[in-house]
1. Does at least one position in the stretch 134-148 carry a residue that is in contact with a Lys or Arg (Cβ under 9 Å, 6 or more places away or on another chain), within 15 Å of F25 (Cβ to Cβ), buried (at least 24 other Cβ atoms within 10 Å of the Cβ) and not aromatic (F, W, Y)?
2. Quick check: anything in the stretch 174-194 of a type in the set (S, T, Y) and part of a helix (DSSP H, G or I)?
3. Of the conditions (1) at pLDDT 95 or above; (2) more than 21 Å from M121 (Cβ to Cβ), G190 fails just one. Which one is it?
4. Which residues, taken from the stretch 32-69, are open to solvent by less than 50 Å² (accessible area, probe 1.4 Å), in contact with a helix residue (DSSP H, G or I) (Cβ under 9 Å, 6 or more places away or on another chain) and more than 22 Å from S181 (Cα to Cα)?
5. Looking at G114, is it farther than 23 Å from H18 by Cβ, free of Cβ contacts under 8 Å to residues at least 12 places away in the same chain and open to solvent by less than 50 Å² (accessible area, probe 1.4 Å)?
Amino acid sequence: MSGNQSLISRWILAARYHPVTALLFAGSLFGWFLGTFLYPVPQPFVFGGITGPEKWRLVSPIFVHFGLMHFVFNGLWLCLLGARIERLSGSLHLVLVVLLSALVSNMCQFVWSGSVYFGGMSGVIYGLLGYIWIRNLLAPHPLIALPRELILFMIGWLFVCMTGVLDILLGVGIANAAHASGLLIGMLMGLVFGAVKNIGKRI
C-alpha cells in the first residue's frame, strides 16, 4: 500500500512541476479511449477546420491513439521530452512548441495522405525531439541534454517507419509525413530559440 501511495505521490509531484505535460498526457489517455473503444472517432477529434469554424480540429487529432502500445510509446516520450522543455523554459513555451508542432505535422499528414482519419502524438514527439536536439547544440543546458544514442535511435526509427515495413508487420498505417514534418519544425524552433538564447547571453 505504501508503495502505491509513494508512486501516486511522485506522479502528483511531477504533475505539479510539469502541469502542461501532465494535461497533454491526460488528454492522450482520453484519446486512447476514443481511438480504441469508440468507432468512428467523434468528429471534434477528427482533423478538419481549415476553412471552417472548428479551428481546434487542426490540433485535436494529436490526442487520439489507436491501441495501448500507441499510447504508451507516445506517452513515455511526451513525459521524457515535454517535461524537460517545461522545466527549462516554462509551461507557455511548451504550449507554443506543441501547438506549432501539432499544426505543421497534422497539416502535412493531411496534405500527404489526403485523409483526415489519422491521430497520435508522434508528430509532436518528433517536434519536441528536434527542438531539444538543435537548441541544446546552440545553447547547451543539462536539463535538455539527451544521449546521442537516443537521438540516433529516434531518427533511425523514423526512417524504418518510412520503409513501410511496419505497415505490413503491424497492419496499421504510420503517419510518416507527420513524423518528418514534426521533426523539421521542431528543429527550426530549436534553431530560432537557441540563437535567441545565444544573442541574449552576448548582450
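1. no
2. Yes, because at least one residue in the stretch 174-194 is of a type in the set (S, T, Y) and part of a helix (DSSP H, G or I).
3. It fails just one condition, (2).
4. Those that are open to solvent by less than 50 Å² (accessible area, probe 1.4 Å), in contact with a helix residue (DSSP H, G or I) (Cβ under 9 Å, 6 or more places away or on another chain) and more than 22 Å from S181 (Cα to Cα): L34, G35, V41, P42, G67.
5. It is false that G114 is farther than 23 Å from H18 by Cβ, free of Cβ contacts under 8 Å to residues at least 12 places away in the same chain and open to solvent by less than 50 Å² (accessible area, probe 1.4 Å).
The values are calculated or read from the model by the stated rules, or taken from the named source; none is laboratory data. Because the structure is a prediction, the values reported are computed rather than measured. Ideal geometry is used to build each Cβ from the backbone, glycine not excepted, and the neighbour counts take in all protein chains shown. In case anyone asks, the SASA skips ligands and DNA or RNA and just uses the protein heavy atoms, side chains included. Shrake-Rupley method; radii C 1.70, N 1.55, O 1.52, S 1.80 Å.
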